[in-house]
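Asks: Got a structure here, written out as structure tokens. Questions coming.
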Amino acid sequence: MSISRKLVVIGKVKKENFYCAVCNFPLITKKDFDSNEVYECCNECFLQFAESRRKEWKNGWRPNKTDVRSYISIRRKLYKKNSKEK
């Protein structure tokens, strides 16, 4: 007797991203994954860059690299500060 192991996929298979396309921080919260699904970025980047430019964002606008690097630097400092306080 032989056993056949076949995997049958019904419906669309969606590739999940686990890192933000803008800042490269990992997606952690449900809000991160929700923002990533609609805006292709984490919730923090959505709030910082996309929320006030929703129409432009949907049309392909993205922040320049200098602004993103500056934002990442600030986020890292905040994380370090918060981790030291605990």
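Asks: Give, rounded to the nearest 20 debye, the magnitude of the charge dipole that region 30-85 has about its Cα centre when Lys and Arg contribute +1 at Cβ and Asp and Glu contribute -1 at Cβ.
Replies: Its charge dipole is roughly 320 debye.
Asks: Which one of Tyr19, Val38, Ser52 has its Cα pushed farthest toward the positive end of the charge dipole of region 17-78, where Lys and Arg give +1 and Asp and Glu give -1 at the Cβ?
Replies: Of the options given, the answer is Ser52.
Asks: Are any of the pairs Lys31/Lys77; Lys30/Lys58; Lys31/Lys81; Lys58/Lys81; Lys30/Lys80 more than 25 Å apart by Cα-Cα distance, and if so, which?
Replies: Listed pairs above 25 Å: Lys58/Lys81.
Asks: Take each of the peptides 59-66, 32-39, average the number of other beta-carbon atoms within 10 Å over its residues, and list them starting from the highest.
Replies: 32-39, 59-66
Asks: Taking square-rooted eigenvalues a ≥ b ≥ c of the alpha carbon gyration tensor, is region 30-85 rounded, prolate or oblate, where a/c under 1.5 means rounded and, failing that, a/b exceeding b/c means prolate?
Replies: Oblate, since a/c reaches 1.5 and b/c is not below a/b.
Asks: Next question, about the same structure. Give the peptides 67-79, 44-56 in descending order of average Cβ contacts within 10 Å, highest first.
Replies: My ranking of the peptides, most packed first, is 44-56, 67-79.
Read the figures in this text as sums done on the coordinates, not as results from a lab. None of these values were measured; they are calculated from a predicted model. Please note: Cβ atoms are built from the backbone with ideal geometry, for glycine as well, and neighbour counts cover all protein chains shown.
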